[in-house]
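Trainee: Quick one: structure below, then a few questions.
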Amino acid sequence: MGSAGDKIKELKRGQNIAFIAAFATLLLAVMKAVIGYLFDSKVLIADAFHSGADLLAIFASGFGLWLASKKKSKTFPYGLYKAETLGSLIIGVLIVWAGIQILKDGHHRFFHISSVQEFSIFPVGAGMVSIIAAYFIARKEKAIGQAIGSQSLLANASESFLDIFTSAGVLFGIVLAYAKIPYVEGSVIIIISLLILKLGLTNAWTSFLVLMDANLDPELQAEIEEKINQIYGVKGVSEVKIRQSGPFKMIECKIETSPTLSLYRAHELAGKAEEFITKNYARVESVFIHVEPSKEKTVSAVVPVKNIDGLGSKVHGHFGRAPYYIILRLNDTGVEIEDFYYNEFLNETKHIGVKVIKAVIKHKLDLLFTSRIGELSFYMLKDSFVDIYKINEDSVVKEVIEKYRDNQLEQIVAPTHSLDESESAATP
């Protein structure tokens, strides 16, 4: 997500298109009202009232976006983004009101034929202009609304697209009024009014749910939970919450990690999860990650060993060049051997430790017990939130675990030898 300045620019962009659309709708409403009055076209006058309702809705959207673009303050530390959602709610209510008015008019005209003295091109022309104008307004509102994620602009765009059909129905009704054909005019207007009512109720209800912080996107919630859980060092994800605030999202979640992870490293892991969300999901205003120790209190550990003899296996003197690796699961009650891994990279000369790490990393390691470790392997494991402890060569794995439980092991905080030393030692 961009900076605060970019967000304000987006909101002002939506605000400008809303006010331009409001001005165009005002001209249309005045045109239809004047021509309808001069040529006694009741259906055109009714459509002018409908455009008046649209005008109020679009203006409410622009006003909401204007409020949302204001900078954060002490009174509103989270910004005024929800003003845009409030505008969407007002839009929905106004659309419902317009739908009810048109429904009433359609019901009346279903049983009454308008008395028209003579045919005039002006009401027909006004209907055609209204169709064309509604099309261009709808396209622009939809394009900008999608670009900035504005609910109110998208709601207005939906209403403007319906205005195309409404204006077509009005045009059709004007022609039928001149022909004095009953029922058809009223039927068309009733159908359109029901579509408008559905749109208004949907927009109003969605805006109400957003204001109440309802979960409107369970699929996105599940996707974020799955993706964060794949970050190395994360042991579990729970309580992912997504709040919509105007065109932006605010995300909160809890992640679990190894109980052995230090506070500093836990904060680093939280930052990694936050960075992932902001980079991969659009229009995220803020992310809050709360880190907790894993409730299972089970950690995975790897030990480079010389032989395969269960917990009696002997420690090898170098991480990358060990012939075998024992994968352990440690908890409060005991230790379990999860797997043994054979080092298939022993005949290679470069980056053996890195290749081993890539092979065993699937076990979501928390700890490494080793005598020596090179630069690349050390930093790769540290970046994966693995704590490294120093042990003596030829120690028995069971003794290593006992010393770890008694806090007798020292952490390795830097590589024990350089990359050149690792490669020279690996060369036959």
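The values are calculated or read from the model by the stated rules, or taken from the named source; none is laboratory data. The shown structure was predicted, so the numbers you read here are calculated from the model rather than taken from an experiment. Glycine also receives a Cβ, built like all others from the backbone with ideal geometry; neighbour counts cover every protein chain displayed.
Trainee: Just checking, which of L28, L44 is closer than 17 Å to G125 by Cβ and at pLDDT 80 or above? Give the derivation first.
Mentor: Numbers: L44 fails: at pLDDT 80 or above.
Checking each option against the conditions leaves just L28.
Trainee: Condition check: surrounded by fewer than 17 Cβ atoms within 10 Å (Cβ to Cβ), among the basic types (K, R) and part of a strand (DSSP E or B). Does K254 satisfy that?
Mentor: So K254 fits the description; yes.
Trainee: If I ask for residues that are in a strand (DSSP E or B) and of a type in the set (D, E, K, R), which ones from segment 288-341 would you list?
Mentor: Residues satisfying the conditions are E292, D309, K314, R329, E336, E338, D339.
Trainee: In this structure, is G353 modelled with pLDDT under 90, closer than 16 Å to F369 by Cα and not in a loop (DSSP other than H, G, I, E, B)?
Mentor: Criteria met by G353.
Trainee: Another question, if that's okay. If I go through segment 327-381 residue by residue, how many of them are surrounded by 15 or more Cβ atoms within 10 Å (Cβ to Cβ), over 38 Å from the mean Cα position of the chain (by Cα) and either aliphatic (A, V, I, L, M) or not assigned by TED's automatic domain parsing to the domain that holds K403 (or both)?
Mentor: Looking only at that region, the number is 3.
Trainee: Considering only segment 82-102, I want to know if a residue exists there that is part of a loop (DSSP other than H, G, I, E, B), touching a helix residue (DSSP H, G or I) at 6+ places or on another chain (Cβ under 6 Å) and either crowded, with 17+ Cβ neighbours inside 10 Å or hydroxyl-bearing (S, T, Y) (or both).
Mentor: no
Trainee: Taking segment 334-377 as the region of interest, how many residues are closer than 24 Å to K297 by Cβ, among the basic types (K, R) and in contact with a Phe, Trp or Tyr (Cβ under 8 Å, 6 or more places away or on another chain)?
Mentor: Final tally of qualifying residues: 1.
Trainee: Does segment 388-404 hold any residues that are touching a residue at least 40 places away in the same chain (Cβ under 8 Å) and either touching a helix residue (DSSP H, G or I) at 6+ places or on another chain (Cβ under 8 Å) or of a type in the set (G, A, S) (or both), and which are they?
Mentor: I391, S395
Trainee: Sort through I17, I91 and tell me the only one that's in the same structural domain as A168 (by TED's automatic domain parsing), out of contact with any Ser or Thr (no Cβ under 7 Å at 6 or more places or on another chain) and of a type in the set (V, I, T).
Mentor: Numbers: I91 fails: out of contact with any Ser or Thr (no Cβ under 7 Å at 6 or more places or on another chain).
From the options I17, I91, the qualifying one is I17.
Trainee: Among the residues of segment 211-221, is any at pLDDT 85 or above and surrounded by 19 or more Cβ atoms within 10 Å (Cβ to Cβ)?
Mentor: No, the conditions are met nowhere in segment 211-221.
Trainee: When the residues of segment 14-32 are filtered to those that are touching a Leu at 6+ places or on another chain (Cβ under 8 Å) and farther than 17 Å from Q151 by Cα, which remaining residue is surrounded by the fewest Cβ atoms within 10 Å (Cβ to Cβ)?
Mentor: Here the residue is L26.
Trainee: Kindly provide the set of residues from segment 367-395 that are at pLDDT below 85 and of a type outside the set (K, R), ordered by number.
Mentor: D383, S384, F385
Trainee: Let me confirm something: among I102, I20, I58, I45, which residue is over 30 Å from V210 (Cβ atoms) and either among the β-branched types (V, I, T) or touching a residue at least 40 places away in the same chain (Cβ under 8 Å) (or both)?
Mentor: I45
Trainee: Taking the condition within 25 Å of L154 (Cβ to Cβ), assigned to a loop (DSSP other than H, G, I, E, B) and modelled with pLDDT of 75 or more, does K72 pass?
Mentor: Here the answer is yes, as K72 does meet what is asked.
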